[in-house]
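Below is one structure, written out as structure tokens; the observations come after it.
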Amino acid sequence: KYNFCAGPAALPESVLQRARDEMLDWQGKGLSVMEMSHRSPEFTDIARTAEADLRELLQVPEGYKVLFMQGGASSQFAMVPLNLLGQGGTANYIHTGIWAKKAIAEGRRYGDVHIAASAEDNGLTAVPLSSEIHLSDHAAYLHFTSNETIGGLRYAPTPEVPTSVPLVCDMSSDILSAPLDVSRYGVIYAGAQKNIGPAGITLAIIRDDLLDRFKPETPTMMQYKVFAENDSMYNTPPTFAWYLSGLVFKWLKEDIGGLEAMGALNQRKALKLYAAIDDSDFYTNPIQPAYRSIMNVPFRLADDRLDQCFLAEAEEAGLLNLKGHRSVGGMRASIYNAVPEAAVDALVSFMNDFERRHG
Ligand code: PLP
């Protein structure tokens, strides 16, 4: 069966198998990773190896901290303003859809927010050009969402702003999907449950010079600096999720061959699926081609009365979780890193067949 869930999403088969093999007895130690002290040499090694592999995959430059946190990307919506507005200034945001909107709403709780650009002007079907981004005076940062998981809108190319304004990006649904130039960013964050690992752990990458900008009232457990100074172990971290994320990083490095190869594979998968949609009169995707998500492909059937039938037949064919987000309806195929090309081939063939029978 193939899992197209938007998150928690499919994990690589070989990662799950290895986790199962090591579940009760990790490398002959006679206990599960879940039962180890987070301060034990064994877990310290698991944690450090995961971080080193991630740094290698993303080629994180010197001068950045990699933090393993909790609370999901939704907590980052608050952590970003709390950690970056301590020296005053205005929080700048680009509105691209449902997730950006949530980040903006949370930003408003902690400071002055300025909407520097919005994709609403074109119906959330294309992202603003860099020339359309108008920053406020004293911009403390510019936040954007690289991939709108629900809308299927991809931010490309990365916004160009003066280097004095830290770029902050919610990469929850496309981190690790292709090579990335981390040096362009002040803060990158992502919930794990799409391309990193299981739910319960959250990644944040922050440039060192931004660690001292937190507001004094920031809760200890929400300060990037506290996590940075304590190797992400100020309190008990989500050890099993950290371990599994480490297995995913190894898989990306060793089985896939790194982010260049992952990016090429993801492009191929997405192009196949969009071609199937564009070649038919039965399926539609509203996003302008240059901005279509490589990870989440929303589509509609010509007659939405067929939605239930489509989902039921898809499930019977072993194609799971294709229902669109409850706020927008229709269908959505999430084709993250761990979804193999064969899954896309099976979906395309099912869609063609369904169209022949019902179109
Ligand atoms: N940002 C984006 C782009 C997302 O897709 C999601 C969840 O799907 C979130 C934020 C919220 O993440 P979490 O559930 O980890 O808080």
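The values are calculated or read from the model by the stated rules, or taken from the named source; none is laboratory data. Bear in mind that the values here come from a model prediction, so they are computed numbers and not experimental data. We place every Cβ from the backbone using ideal geometry, glycine too, and count neighbours over all the protein chains shown.
The figures follow:
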quantity: Pair list, Cβ under 9 Å, 6 or more apart: region 156-178 residue more than 24 Å from GLY191 (Cβ to Cβ) and not assigned by TED's automatic domain parsing to the domain that holds ALA264, other residue more than 16 Å from the ligand (Cβ to nearest atom) and part of a loop (DSSP other than H, G, I, E, B); calculated: GLU160/ILE133; VAL161/ILE133; VAL161/LEU135; PRO162/LEU135; VAL165/LEU135; VAL165/GLY186
quantity: Qualifying position, being within 13 Å of the ligand (Cβ to nearest atom) and among the hydrophobic types (A, V, I, L, M, F, W, C), among ILE150, ILE115; calculated: ILE150
quantity: Filter result for GLY246 (at positive phi and of a type outside the set (A, V, I, L, M, F, W, C)); calculated: no
quantity: Some residue of region 191-200 being more than 23 Å from SER74 (Cβ to Cβ) and at pLDDT 95 or above; calculated: no
quantity: Failed criterion for PRO162 (all others in (1) of a type outside the set (A, V, I, L, M); (2) buried (at least 22 other Cβ atoms within 10 Å of the Cβ); (3) under 23 Å from SER130 (Cα atoms) hold); calculated: (2)
quantity: One residue from TYR110, TYR141, TYR93 being touching a His at 6+ places or on another chain (Cβ under 6 Å) and over 30 Å from ALA261 (Cα atoms); calculated: TYR93
quantity: Inter-residue pairs, beta-carbon under 6 Å, first among the aromatic types (Phe, Trp, Tyr) and in region 94-108, second not in a helix (DSSP H, G or I), 6+ apart; calculated: TRP99/THR145; TRP99/GLU148
quantity: Set SER293, SER280: member being in contact (Cβ under 8 Å) with a residue 40 or more places away in the chain and farther than 20 Å from ALA192 by Cβ; calculated: SER280
quantity: Hits in region 118-147 - residues which are more than 25 Å from LEU84 (Cα to Cα) and within 16 Å of the ligand (Cβ to nearest atom); calculated: LEU124
quantity: Number of the exception - ASP181 against (1) modelled with pLDDT of 95 or more; (2) within 22 Å of LEU82 (Cβ to Cβ); (3) more than 16 Å from the ligand (Cβ to nearest atom); calculated: (2)
quantity: From the options LEU259, LEU347, residue that is of a type outside the set (Asp, Glu) and more than 20 Å from SER14 (Cα to Cα); calculated: LEU347
quantity: Answer residue from region 284-317, given it is among the aliphatic types (A, V, I, L, M) and assigned to a helix (DSSP H, G or I) and is nearest to ARG268 (Cα to Cα) among those; calculated: ALA290
quantity: Filtered residues of region 61-76 (kept if more than 14 Å from the ligand (Cβ to nearest atom) and either in a helix (DSSP H, G or I) or closer than 17 Å to ASN195 by Cα (or both)); calculated: VAL66, LEU67
quantity: Evaluation of ALA199 against (1) more than 16 Å from the ligand (Cβ to nearest atom); (2) within 22 Å of GLU13 (Cβ to Cβ) (one fails), failing number; calculated: (1)
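Matching residues to (1) at positive phi; (2) surrounded by fewer than 23 Cβ atoms within 10 Å (Cβ to Cβ); (3) touching a strand residue (DSSP E or B) at 6+ places or on another chain (Cβ under 6 Å):
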| site | (1), (2), (3) |
| --- | --- |
| VAL80 | no, no, yes |
| ILE104 | no, yes, yes |
| HIS114 | no, yes, yes |
| SER131 | no, yes, no |
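Listed here are the residues, each with its yes/no results for (1) in contact with a Leu (Cβ under 6 Å, 6 or more places away or on another chain); (2) assigned by TED's automatic domain parsing to the domain that holds GLN223; (3) surrounded by fewer than 18 Cβ atoms within 10 Å (Cβ to Cβ).
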| residue | (1), (2), (3) |
| --- | --- |
| ASP45 | no, yes, yes |
| GLY72 | no, yes, no |
| GLN76 | no, yes, no |
| ASN92 | yes, yes, no |
